[in-house]
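Report on the following structure.
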Amino acid sequence: MQNKRLYLPDYHNLIVYQKAMDLVDLIKLLKVKLPSKEEQRLWKLVTSIPVRIAYGNSQFYENQKDYSLKMALNSARKVNELLLSISNERAIDQRIFQDLTGITIEICKILSRMINRETK
């Protein structure tokens, strides 16, 4: 009897996952400069993005995958809003803000395309 394995795609190869992890690394460097309340909220949101992408990519049912990707997209949008708020308070440099929001917007675009592809 041949042992059949269920194939689960490797999320580490997804560009969106790699970009989300890059964002996590950049936010980790930034955490020192932020007020503690914003730091905690931003860290919680930014780390949830790659986790939700990985979880969604490992789902067998499309509706579960779609839900996880939508939650990752929602977290990325909230990260962007929080970065804007932090930038308005002058807690971070404008160039750093632009770099971080650029990556976040790129993540949002990729996730949106993935979600739209799944729902068609």
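Working from label points 7 Å from Cα in the Cα-to-Cβ sense, the Arg41 to Glu81 distance is 0.9 nm. Across the chain, the relative contact order, built from alpha-carbon pairs under 8 Å that are at least six residues apart, equals 29 percent. Taking other residues whose beta carbon is less than 14 angstrom from the beta carbon of Arg41, and scoring Lys, Arg as +1 and Asp, Glu as -1, yields +1.
If contacts are Cα pairs under 8 angstrom and at least 6 residues apart, what is the relative contact order of region 10-65 in percent? Averaging sequence separation for qualifying contacts and normalising by length gives 43 percent for region 10-65. With the convex hull constructed from alpha-carbon coordinates only, region 54-120 shows a mean projected area of 4.5 nm² over all directions. Seen from Arg77, the other residues with C-beta closer than 14 Å to its C-beta sum to a net charge of +3, counting Lys and Arg as +1 and Asp and Glu as -1.
Quick one: Debye curve from the alpha-carbon atoms of the chain only, equal weights, vacuum; give me log10 I(q)/I(0) at q = 0.11, 0.15, 0.17 Å⁻¹ to two decimals. Each listed q corresponds, in turn, to -0.39, -0.66, -0.80. Applying 0.36 nm per residue to the separation of Tyr67 and Ala91 and subtracting their alpha-carbon distance, the gain on full extension is 5.3 nm. Computed from point charges on the beta carbon alone (+1 for Lys and Arg, -1 for Asp and Glu), the dipole magnitude for region 5-86 about its Cα centre is near 220 Debye. Per-residue Karplus couplings for region 34-47, computed as 6.51 cos²θ - 1.76 cosθ + 1.60 with θ equal to phi - 60°, are listed in order as 9, x, 4, 5, 5, 4, 5, 4, 5, 5, 4, 5, 5, 6 Hz, Gly and Pro entered as x.
Every number in this text was worked out from the coordinates using simple rules, so none of it is lab data. For clarity, every value in this text was computed on a predicted model and none was experimentally measured. Cβ atoms come from the backbone with ideal geometry, glycine included; neighbour counts cover every protein chain shown.
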